[in-house]
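Since the structure comes first, as structure tokens, the remarks are kept for the end.
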Amino acid sequence: MVRIPWAPEYPVETPRLHLRPHRMADLDDLHLYHSDPAVVRYIPWPVRTLDETRAALESRTHQGVVFEPGQWLVLAMEVRETGRVIGEVLLKYDSETDARGELGYAMAADVAGRGYATEAARAVLGLAFDDFGLHRVIARLDARNEASARLLRRLGMRQEALFLQDEWFKDEWTDTLVFAMLEHEWRA
Ligand SMILES: CC(C)(COP(=O)(O)OP(=O)(O)OC[C@H]1O[C@@H](n2cnc3c(N)ncnc32)[C@H](O)[C@@H]1OP(=O)(O)O)[C@@H](O)C(=O)NCCC(=O)NCCS
């Protein structure tokens, strides 16, 4: 049974990160990657102006707790050593009946290749299965997003599906990959 509300004790600690709800003081850190065309290439955000990032951040300040299906838990990835917010990790409460969630993440380009996103996503899978009581967590991604697919495989998630031309996304038809992990796979 899914245990709601999802309200972890903050910060959620990983070896190098604190995962915590966003604060308005995170604006400059967020804008660095919300305004980067390469970061938003495969995710459904526009390249944001500072005002648009401020509005997106304002919503995120309310997303440190989840009460019902359809809502996203959205946590800042703060580097413990420096206090910089380098990215965000997300978990959607997809279905109560099916105890299903969906994982997401985005991070500034200058900190890529160091394992931070994997570390954050692994901690969120822990919350999903150990704390919130989910049975299945999926991730959906543009089939060209190779860095994201490698990350999901590193986490032990399985590729389950490839949907051809499944979305009209940023002015073109795009293929979607679906990865998943079940609770017993997480435990193994
Ligand atoms: C998806 C995204 C978060 C992946 O970033 P990333 O830097 O590749 O992921 P990590 O931070 O986990 O780093 C992993 C890389 O660092 C390397 N690495 C170095 N030190 C590491 C460590 N201590 N632990 C794990 N990996 C480490 C890994 O080998 C891996 O490199 P590889 O993929 O070339 O093999 C990033 O590309 C991004 O933000 N993209 C834009 C947003 C987006 O597309 N989100 C996904 C939507 S589905």
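One table, with the values for the structure above:
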read-out: Tyr33 vs. criteria in contact with a Pro (Cβ under 8 Å, 6 or more places away or on another chain) and among the hydroxyl-bearing types (Ser, Thr, Tyr); value: no
read-out: Test result for Tyr105, of a type in the set (Phe, Trp, Tyr) and either within 15 Å of the ligand (Cβ to nearest atom) or part of a loop (DSSP other than H, G, I, E, B) (or both); value: yes
read-out: Residue match in the range 10-22 (condition: within 16 Å of the ligand (Cβ to nearest atom), open to solvent by less than 80 Å² (accessible area, probe 1.4 Å) and aromatic (Phe, Trp, Tyr)); value: no
read-out: Selection count, the range 115-164, where residues are open to solvent by less than 80 Å² (accessible area, probe 1.4 Å), in contact with a Leu (Cβ under 7 Å, 6 or more places away or on another chain), within 15 Å of the ligand (Cβ to nearest atom) and not hydrophobic (A, V, I, L, M, F, W, C); value: 4
read-out: Tally of residues being under 14 Å from Met107 (Cβ atoms) and assigned to a strand (DSSP E or B) across the range 1-55; value: 2
read-out: Total residues in the range 154-188, condition in contact (Cβ under 8 Å) with a residue 24 or more places away in the chain and part of a helix (DSSP H, G or I); value: 5
read-out: So Leu50, is it more than 17 Å from Ala121 (Cβ to Cβ), free of Cβ contacts under 8 Å to residues at least 60 places away in the same chain and either open to solvent by 40 Å² or more (accessible area, probe 1.4 Å) or hydroxyl-bearing (Ser, Thr, Tyr) (or both); value: yes
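The values are calculated or read from the model by the stated rules, or taken from the named source; none is laboratory data. Everything numeric here is computed off the predicted structure, so don't read it as measured data. Note that we place each Cβ from the backbone using ideal geometry, even for glycine, and neighbour counts take in every protein chain shown. We work out accessible area using only protein heavy atoms, side chains counted, and drop any ligands, DNA or RNA first. Shrake-Rupley method; radii C 1.70, N 1.55, O 1.52, S 1.80 Å.
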